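What follows is a short report on a single structure.
The values are calculated or read from the model by the stated rules, or taken from the named source; none is laboratory data. The structure displayed is predicted, hence computed values, not measured ones. Heads up, the Cβs are rebuilt from the backbone with ideal geometry, glycines too, and the neighbour counts pull from every protein chain shown.
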Amino acid sequence: MPGYLIRRFLDDTVVKIGRRVMLDERPTLDLAACLKLPVPHVHESQSLDGEAWIRMSFVPGERLDVFWPSMTVEEKDSICGAVRDCRQYSDYSNGPYPDEAKFSLFYLDLVKSVPDPILFSHGDFAQHNILVKDGAVTGLLDWEYAGWYPEYWECIEFSERPCKHKDWKIRAKEIFSQCYDNELTHHQAIVHWQRP
């Protein structure tokens, strides 16, 4: 269970409610909408007695993890290209880290300097968070992990997410400008050695 419930209403809105709903998702969705990304419009959000809720517009489409097995190779190529296009945002004036090197220093001083840009990243490009209809991406859902990260970060997160369709993971090279094998290895080592 994800820690929240989603309910659709007759006015074509949905409410996401639960103890694990993060209200920080609202400004992230607002920013993503300004960037013309296919995201739900947030109508309101609130927290009461330890539970938060966000009411947003309904986005038509079918979850990619459900639709993926029935897609042709050409349709998969098209969707991967559309997902890649959704990640190409790097213009910003502020962020928690002024550059990738600062982020990397924060991340256990692993990387001394990295030339890749900081991008606005979804943070959870799992198939169940991507809606498709008629061969197009109609919605990107669940933005609670989004933020400004080095380009490699989204690729690492993509690699770490469970997925029942192996050919989705193989298509990482179509979604990301490059695969970051060294960064992934370092990340996995850090995660492994942090466990007691």
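Among the residues of the range 141-162, write down those that are outside any helix (DSSP H, G or I), within 25 Å of I17 (Cα to Cα) and out of contact with any helix residue (DSSP H, G or I) (no Cβ under 6 Å at 6 or more places or on another chain). Steps first, answer last, please.
Pass one, the range 141-162, residues outside any helix (DSSP H, G or I): 141-150, 161-162.
Then keep just the ones that are within 25 Å of I17 (Cα to Cα); that gives 141-147, 161-162.
Residues satisfying the conditions are Y145, G147, R161, P162.
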Review point. Of the residues that sit in the range 169-196 and are in contact (Cβ under 8 Å) with a residue 60 or more places away in the chain and more than 25 Å from K36 (Cβ to Cβ), which one is surrounded by the fewest Cβ atoms within 10 Å (Cβ to Cβ)?
Key: I190
Study note, to complete from the structure: Condition set touching a Ser or Thr at 6+ places or on another chain (Cβ under 7 Å) and free of Cβ contacts under 8 Å to residues at least 60 places away in the same chain, scope the range 20-51, selection nearest to A136 (Cα to Cα): answer is H41
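Based on this model, can you work out whether D65 counts as under 17 Å from the mean Cα position of the chain (by Cα), modelled with pLDDT of 90 or more and either surrounded by fewer than 19 Cβ atoms within 10 Å (Cβ to Cβ) or farther than 25 Å from P150 by Cα (or both)? Let's see the steps before the verdict.
Details: under 17 Å from the mean Cα position of the chain (by Cα): yes; modelled with pLDDT of 90 or more: yes; either surrounded by fewer than 19 Cβ atoms within 10 Å (Cβ to Cβ) or farther than 25 Å from P150 by Cα (or both): yes.
Yes; evaluated as a whole, the condition is true for this residue.
Quickly run through the range 19-59 and pick out the residues that are in a strand (DSSP E or B) and aromatic (F, W, Y).
If the condition is that a residue be in a strand (DSSP E or B) and aromatic (F, W, Y), then W53 is the only one that fits.
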Review point. Restricting to the range 34-62, what's the tally of residues that are surrounded by fewer than 16 Cβ atoms within 10 Å (Cβ to Cβ) and touching a helix residue (DSSP H, G or I) at 6+ places or on another chain (Cβ under 8 Å)?
Key: 1
Check your understanding: Taking the range 116-140, which residues are free of Cβ contacts under 8 Å to residues at least 40 places away in the same chain and assigned to a strand (DSSP E or B)?
Key -> I118, L119, S121
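Going by what's in this entry, would W153 be described as under 18 Å from L37 (Cβ atoms) and surrounded by 13 or more Cβ atoms within 10 Å (Cβ to Cβ)? If you could, list the steps in order and put the result at the bottom.
Numbers: under 18 Å from L37 (Cβ atoms): yes; surrounded by 13 or more Cβ atoms within 10 Å (Cβ to Cβ): yes.
Here the answer is yes, as W153 does meet what is asked.
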